[in-house]
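These notes concern the structure reproduced below.
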């Protein structure tokens, strides 16, 4: 997803009201303002945050505002060595900030639990965990067992239809990520409830504090609804075999608009409604349905797949 700081104009209701507090200081999609409001509601704060991938500790950061402007402690985890040098420029003067130049893994010494236990002062129930590595985010949160942050922000793939469960392979070189529905299911299993969605980030609060937000319906369908038409592509079929597209019509990570005329399975001359009475199509249908090999050959010719 592009990293430009911009906020989509959206309508909110009593369930999505947290979006009214969106504001970017360092964040990408208004997360700074939402977090400011969330932590006005959360009692018993310890003012500790953990963020990865952290980039340079400023760019599209969900914790930099809390550290710079609210005097929080911060732990940044980032594998890139060049960004480590930039981080030192941005935070080297702050003794409340710790940078870990490691690549997160799902087991072994670089598992998140094992990296965090090196920080002796970090509370088990630190206030905020922000996960954004564009790949195995789901598995990293799943692997965390020794710490219980009060708020978790985790990135998801907003183009995957809500209601569809999808989690990519356990492979950091793949960048499909996971669906919002799947990460909500994971959150519930870990004792968290969804309270807000921005364009690509889901906010979870530990069950203990969920009633503070007074959200009547926190389903993924409800909380992501303001963004659904902007990010998700839906396809429906016309009676003649034409595919029609609704919603997002571009490849978001490449900023390329696609042409639905070029995404048709059937060429124009083969698109017809089976109930038509035109003599030519009546003859075509008779051949098409009488000889099963015909649709098989057409499918192989048109889309390169064999029908069993």
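When residue 200 is tested against (1) touching a residue at least 40 places away in the same chain (Cβ under 8 Å); (2) surrounded by 18 or more Cβ atoms within 10 Å (Cβ to Cβ); (3) in contact with a helix residue (DSSP H, G or I) (Cβ under 8 Å, 6 or more places away or on another chain); (4) within 24 Å of residue 233 (Cα to Cα), exactly one condition is not met: (3).
Please work out if residue 58 is surrounded by 15 or more Cβ atoms within 10 Å (Cβ to Cβ), in the same structural domain as residue 210 (by TED's automatic domain parsing) and more than 23 Å from residue 173 (Cα to Cα).
In short, yes.
When we screen 2, 13, 32, 56 for residues that are modelled with pLDDT of 95 or more and in a loop (DSSP other than H, G, I, E, B), the only hit is 13. Looking at residue 45, is it part of a loop (DSSP other than H, G, I, E, B), over 28 Å from residue 175 (Cβ atoms), assigned by TED's automatic domain parsing to the domain that holds residue 169 and modelled with pLDDT of 95 or more? Yes. What number of residues within the range 132-161 are over 19 Å from residue 253 (Cα atoms) and either at pLDDT below 95 or touching a helix residue (DSSP H, G or I) at 6+ places or on another chain (Cβ under 8 Å) (or both)? Residues flagged as over 19 Å from residue 253 (Cα atoms) and either at pLDDT below 95 or touching a helix residue (DSSP H, G or I) at 6+ places or on another chain (Cβ under 8 Å) (or both) within the range 132-161 amount to 13.
Scanning the range 123-138 for residues that are without any contact (Cβ under 8 Å) to a residue 40 or more places away in the chain and either closer than 14 Å to residue 187 by Cβ or surrounded by fewer than 17 Cβ atoms within 10 Å (Cβ to Cβ) (or both) yields a single hit, 124. Would you mind stating whether residue 163 is under 23 Å from residue 14 (Cβ atoms), outside any loop (DSSP other than H, G, I, E, B) and assigned by TED's automatic domain parsing to the domain that holds residue 107? Answer is no for this residue.
A quick yes/no check of all residues on (1) touching a residue at least 24 places away in the same chain (Cβ under 8 Å); (2) buried (at least 18 other Cβ atoms within 10 Å of the Cβ); (3) within 20 Å of residue 152 (Cβ to Cβ):
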site	(1), (2), (3)
78	yes, yes, yes
89	yes, no, no
94	yes, no, no
99	yes, yes, no
108	no, no, no
113	yes, no, yes
121	yes, no, no
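The values are calculated or read from the model by the stated rules, or taken from the named source; none is laboratory data. All values derive from a computational prediction rather than experimental measurement. Glycine also receives a Cβ, built like all others from the backbone with ideal geometry; neighbour counts cover every protein chain displayed.
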